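Down below is the structure, laid out as structure tokens.
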Amino acid sequence: MNYQVNEKGYYGDFGGAFIPEMLYPNVEELRKNYLNIMQEESFQKEFNQLLKDYVGRPTPLYYAERFSKNYNTKIYLKREDLCHTGAHKVNNTIGQILMAKRLGKSRIIAETGAGQHGVATATVCALMGLECIVYMGEIDIARQAPNVARMKMLGATVIPARSGSKTLKDATNEAIRDWINNPMDTHYIIGSVVGPHPYPDMVARFQSVISEEVKKQLLEKEGREDPDFVVACVGGGSNAAGLYYHYLNNEKVGIIAVEAAGEGVLSGKSAATSALGKEGIIHGSKTLLMQTQDGQITEPYSISAGLDYPGVGPMHANLFKTGRGEFISVTDAEAMAAGLELSKLEGIIPAIETAHALAIFETRRFKEDDVVVVNLSGRGDKDLNTYIEHFNL
Amino acid sequence: MNRIKQKLQEDPQKKLLSIYFTAGYPQPENTVPIIEDLEKSGVDMIEIGLPFSDPLADGPTIQESSQVALKNGMTTQRLFEQLKDIRKAVSIPLLIMGYFNPILQFGVEKFCQKCKETGIDGLIIPDLPVEEYLLQYKEIFRKYDLLPVFLITPQTSEERIRAIDSASEGFIYMVSSASVTGGTGGFGPEQKAYFERVSKMGLNAPLIVGFGIKDAETFEQATANTKGAIIGSAFIKHLTKHGTRNIAGFTRIIR
Ligand SMILES: Cc1ncc(COP(=O)(O)O)c(C=O)c1O
């Protein structure tokens with residue numbers, strides 16, 4: 001079976017471009033050009049050079065010996081936390097800023113929840129000297145002050161999203177409205193594998209450098225390119241898409257997706273989209289999303305702002321529906337405990353998003369000689385306040 | 001004959017005034033009285049907004065009215081219940097304008113069937129692109145005699161306008177400028193040139209302009225080269241200020 005996008009922009013039943021006509025010219029321009037541009041030699045060269053010299057790639061694939069011993073299996077960590085700006089998000093923003101320049105755009109907009117994607121976007125805009133506007137929910141601005149300050153230092157304008165529930169989904173709505181209002185000079189750098197086609201595929205391709213590197217690194221360390229399992233947390237699904245990318249159609253490699261259960265899948269305060277969602281349309285994509293019976297999009301909850309999204313990318317909706325992916329949900333408390341454990345055992349403080357992926361080992365058992373690669377999608381600096389509060393540090 | 005088609009042909013000289021409002025706003029049971037008053041005030045066509053939590057193409061006025069309507073307990077089911085006897089009282093064309101997700105959850109065929117039973121004549125679904133409509137939903141719309149209405153904008157290519165024209169059975173919804181709903185800037189030379197350019201294309205479907213029409217001046221500018229205009233946010237603002245009182249007073253200012 002093929003789990004990649006097809007030529008119509010669908011992953012199985014999911015994907016497509018359900019957008020108002022006002023967005024059509026820009027999305028169509030991108031759709032027509034993105035593959036050609038990405039395949040240009042000059043693009044490849046510039047992209048790879050920046051990933052190497054600016055982002056610091058390749059990121060290490062680290063065998064976590066003490067953590068592994070604890071769970072009696074072989075766990076490797078793909079160290080995306082060591083990327084410039086502290087998370088995998090920058091792989092995508094580097095790619096998209098180069099894309100925007102080639103499309104002749106001079107103004108960049110983005111949405112952000114925790115602020116990681118906003119910072120990564122503000123960073124590449126500073127690097128390229130382009131105007132940058134970041135939409136961020138009013139509530140998130142209040143609880144992620146350090147990232148707001150970083151964006152401002154980098155020269156970006158942060159505009160509070162005051163509509164709806166004033167968090168990530170509304171910031172995304174505001175960014176889309178901005179794009180409708182500015183159809184000529186603006187490129188929208190979406191932060192995950194969500195939105196209308198070709199965004200999910202384009203973002204997945206920019207993040208696919210993660211599994212490209214894992215294959216080489218694992219060959220060196222284990223004498224084989226393929227692990228037994230790849231594990232990642234899923235908000236919109238970009239770090240997961242990057243880690244799965246070169247293994248999607250190789251069914252010998254097990255795919256594990258970890259969602260945020262919040263206070264528990266059935267608590268009414270959760271972001272476990274695969275468990276709670278139904279098929280529908282969010283931000284231009286047909287996918288799984290959390291909604292009322294009447295089709296109104298509902299507000300998710302997770303302690304981790306980066307997983308606090310009511311939908312999931314269409315690639316992941318298809319992995320869920322076809323059974324290709326194993327979906328596990330992890331509560332706030334389980335994730336926090338896993339974050340603390342990794343810090344103590346390996347000297348690595350992970351982002352709380354990432355801590356969700358690490359928490360599965362408490363309940364999901366692996367064989368002793370299984371090779372499990374976990375995407376360490378980001379570092380925990382941005383989450384110190386949450387860790388402090390949770391553990392009374 | 002479908003009431004929209006009839007209305008478009010009735011009087012070739014007449015410029016049509018169409019009004020949008022959000023169902024369930026400001027009060028949950030205002031839907032039917034508003035429709036009745038609009039017809040009595042001489043409005044030619046009505047777009048009943050099905051509220052949605054995340055209206056991507058709408059500015060603050062319609063966003064807020066949607067939020068209030070949802071808080072008021074509006075649902076798709078409730079809208080159909082309110083409209084159950086509407087054709088006993090009202091004879092002008094009625095359309096439903098709503099985002100696709102609530103319709104998808106209701107069931108597209110069931111939704112269309114309910115529309116037919118209720119006496120709805122057409123659907124405007126801004127985030128259902130013409131390609132998806134042709135591929136999956138055209139037969140269902142036909143079966144229940146619902147006209148699809150598609151949008152064009154100043155950035156829509158001529159080729160695409162022609163494709164949209166041939167998929168249209170009623171009118172084309174001509175979005176006045178690159179903007180979400182509720183623009184207040186008025187129309188400049190750029191918009192006038194766009195209205196003229198498209199009106200000279202010799203399209204089959206009449207053009208009705210929407211977004212940013214708020215008073216007699218913008219109504220006149222918008223309809224100089226087209227068949228009519230749609231007012232949304234400006235009417236919602238009237239409802240916010242005056243409730244359902246004096247709807248005739250609002251329409252009298254327009255034309
Ligand atoms: C460190 C980290 N991991 C994961 C995510 C979730 O996003 P995605 O599912 O697109 O990887 C975020 C989002 O902000 C993040 O900052």
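The values are calculated or read from the model by the stated rules, or taken from the named source; none is laboratory data. For clarity, every value in this text was computed on a predicted model and none was experimentally measured. Please note: Cβ atoms are built from the backbone with ideal geometry, for glycine as well, and neighbour counts cover all protein chains shown. With ligands, DNA and RNA removed, areas are computed over all heavy atoms of the protein, side chains included. Shrake-Rupley method; radii C 1.70, N 1.55, O 1.52, S 1.80 Å.
Tabulated data for the structure shown
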{"item": "Portion, in percent, of the accessible area of chain A that falls on carbon or sulfur, probe 1.4 Å", "result": "50 percent"}
{"item": "A:Gln291 long-range amide H proximity, modeled H, under 5 Å", "result": "A:Lys278, A:Thr298"}
{"item": "Kyte-Doolittle mean at least -1.0 and Cα axial length at least 15 Å: DSSP H helices in chain A", "result": "A:24-39, A:89-102, A:116-128, A:168-181, A:209-222, A:332-346"}
{"item": "Largest to smallest principal axis extent of the C-alpha atoms in segment A:16-95, angstrom", "result": "54, 31, 21"}
{"item": "Average accessible surface area per residue within segment B:97-243, 1.4 Å rolling probe, Å²", "result": "37 Å²"}
{"item": "Per-residue mean of C-beta atoms belonging to partner chains within 10 Å, peptide A:9-22", "result": "5"}
{"item": "Peptides A:323-336, A:26-39 ordered by average Cβ neighbours within 10 Å, highest first", "result": "A:323-336, A:26-39"}
{"item": "Charge dipole magnitude, Cβ of K and R +1, D and E -1 - segment A:304-359, Cα centre, debye nearest 20", "result": "240 debye"}
{"item": "Exposure of A:Glu259 as accessible area (Å², to 10), given a probe of 1.4 Å and all protein chains", "result": "10 Å²"}
{"item": "Interface residues in segment A:173-191 - accessible area drops by 50 Å² or more relative to the isolated chain, probe 1.4 Å", "result": "A:Arg177, A:Asn181"}
{"item": "Residue-averaged beta-carbon neighbours from other chains (10 angstrom radius) around A:291-302", "result": "5"}
{"item": "Charge dipole (chain A, unit charges on Cβ, about Cα centre) - positive-most of A:Val258, A:Tyr199, A:Ser274", "result": "A:Tyr199"}
{"item": "Model label zone, A:Lys278; criterion: amide N under 13 Å from point 7 Å along Cα-to-beta-carbon; scope segment A:285-300", "result": "A:288-298"}
{"item": "Accessible heavy-atom area order of A:Arg379, B:Arg142, highest first, probe of 1.4 Å", "result": "B:Arg142, A:Arg379"}
{"item": "Order by protection proxy (mean Cβ within 10 Å, highest first), peptides B:193-200, B:177-184, B:122-129", "result": "B:122-129, B:177-184, B:193-200"}
{"item": "Chains A and B, summed buried accessible surface - 1.4 Å probe, Å², nearest 100", "result": "2800 Å²"}
{"item": "Taking the C-alpha atoms of the protein assembly as shown, convex hull volume expressed per residue in Å³", "result": "147 Å³"}
{"item": "Rounded, prolate or oblate (a/c below 1.5 giving rounded, otherwise prolate when a/b exceeds b/c) for segment B:36-160 by Cα gyration tensor", "result": "rounded"}
{"item": "Sulfur and carbon atoms: percent of accessible area, chain B [1.4 Å]", "result": "49 percent"}
{"item": "Heavy-atom accessible area per residue - chain A, 1.4 Å, Å²", "result": "35 Å²"}
{"item": "Of B:Pro33, B:Val180, B:Leu16, farthest towards positive along the dipole that unit charges on Lys, Arg, Asp, Glu beta carbons give segment B:3-252", "result": "B:Pro33"}
{"item": "A:Gln44 versus B:Thr184: modelled label distance in nm, points set 7 Å from Cα along the beta carbon direction", "result": "5.3 nm"}
{"item": "Dipole in debye (nearest 20) - segment B:3-252, about Cα centre, beta carbon charges: Lys, Arg +1; Asp, Glu -1", "result": "420 debye"}
{"item": "For residues of B:50-62, the mean tally of beta carbons on other chains within 10 Å", "result": "6"}
{"item": "Highest average packing first - B:219-232, A:198-211, Cβ atoms within 10 Å", "result": "A:198-211, B:219-232"}
{"item": "Convex hull volume per residue for chain B, taking Cα atoms only, in Å³", "result": "113 Å³"}
{"item": "Size of electric dipole in segment A:96-166: Cβ of Lys, Arg +1 and of Asp, Glu -1, about Cα centre, debye, nearest 20", "result": "140 debye"}
{"item": "Radius of gyration and Dmax over the Cα atoms of segment B:205-244, both given in Å", "result": "11.3, 36"}
{"item": "Helix-only CD estimate at 222 nm, as mean residue ellipticity for chain A, using -39500 (n - 2.57) per DSSP H run (n ≥ 4)", "result": "-12000 deg cm²/dmol"}
{"item": "Positions from segment B:79-105 whose accessible area shrinks by 30 Å² or more when the full protein complex is built, not the chain alone, probe 1.4 Å", "result": "B:Asn101, B:Leu104, B:Gln105"}
{"item": "Helix-only CD estimate at 222 nm, as mean residue ellipticity for chain B, using -39500 (n - 2.57) per DSSP H run (n ≥ 4)", "result": "-12000 deg cm²/dmol"}
{"item": "Selection from A:Phe43, A:Gly9, A:Asn92 lying farthest towards where the dipole of segment A:4-92 points positive, charges on Cβ", "result": "A:Asn92"}
{"item": "Cα gyration tensor shape for segment A:290-378, rounded if a/c is under 1.5, else prolate or oblate", "result": "oblate"}
{"item": "Reduction of at least 10 Å² in accessible surface, 1.4 Å probe, comparing all protein chains with the chain by itself, residues of segment B:173-198", "result": "B:Ala178, B:Ser179, B:Val180"}
